[in-house]
1. Evaluate the distance, in nm, between pseudo-label points positioned 7 Å from the Cα of LYS47 and of LEU140 along their respective Cα→Cβ axes.
2. Separation between the GLU130 and LYS189 pseudo-spin-labels, each 7 Å from Cα along Cα→Cβ, expressed in nm?
3. For the pair TYR34 and ALA77, how long in nm is the line joining their label points, each one 7 Å along Cα→Cβ?
4. Rounded to the nearest 20 Debye, what is the dipole magnitude of region 19-78 about its Cα centre when Lys and Arg each give +1 and Asp and Glu each give -1 at the C-beta?
5. At 25 °C and a viscosity of 0.890 mPa s, what translational diffusion coefficient does Stokes-Einstein give for region 2-97, taking Rh as the Kirkwood radius over Cα pairs? Give it in µm²/s as a whole number.
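Please treat every number below as a calculation from the coordinates, not as lab data. On a predicted model such as this, the values are computed, not experimentally measured, just so you know. A quick note on method: Cβ atoms are made from the backbone with ideal geometry, for glycine too, and the neighbour counts reach across all protein chains shown.
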Amino acid sequence: MAVAADFGAEAAILDEELIERILANDPGAFDLLYDRYFPRVCGYVRKRIGNRADVDETVQEVFVNVFTSLESFRSEAPFGAWVLGVARRTVAGRFKKQRVTTVSFDDYPAEEIGRERTVRRMSCPTPLEEYECRERAMRLENLAQTKLTPEQCALVEMHHLKDYSIRQIADVLARSEDAVKSNLYRARKVLQAS
């Protein structure tokens with residue numbers, strides 16, 4: 001029973017109190033903060049990075065960044081939001097660190113340069129590009145679910161994801177082409193405005 005009472009007491013400690021204790025060099029306070037926010041930070045990082053080893057390393061880097069920048073927290077927003085902001089910047093920073101190696105054009109004969117450009121264009125996106133694409137896709141999906149009508153969602157999916165023509169959509173939905181264009185235009189405006 002003593003363990004449960006201790007756990008309840010730890011949960012009752014406010015974030016601000018833990019921050020004060022950490023800044024006053026209380027050795028156990030950061031452990032409590034770490035235990036409190038580890039699941040959220042780990043979940044956030046795991047959604048954005050696929051490799052398990054990179055997830056573990058990035059989560060540790062997030063908590064190092066939280067600890068070293070703790071004095072900059074100003075209580076203007078909830079501490080949890082601030083921690084996730086540190087996590088977001090840490091993840092983005094890791095992607096920026098991964099630079100694509102470049103090769104000088106002087107190393108290739110002139111006839112090879114055009115072929116090299118084609119190969120580079122067809123290559124995989126950088127980790128930063130993948131991260132930004134996933135973030136944008138999640139944001140658009142959330143907007144579509146909350147701001148668009150079911151018909152507008154269907155229009156966006158058919159036209160932009162399944163590559164249906166306006167005529168094909170009009171036939172499927174038994175609408176005029178002008179009605180499809182108009183509703184699709186309104187849906188795009190909603191998604192672009194947010």
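1. 1.8
2. Going from the GLU130 label point to the LYS189 one covers 3.8 nm.
3. 2.5
4. 340
5. Result for D is 174 µm²/s.
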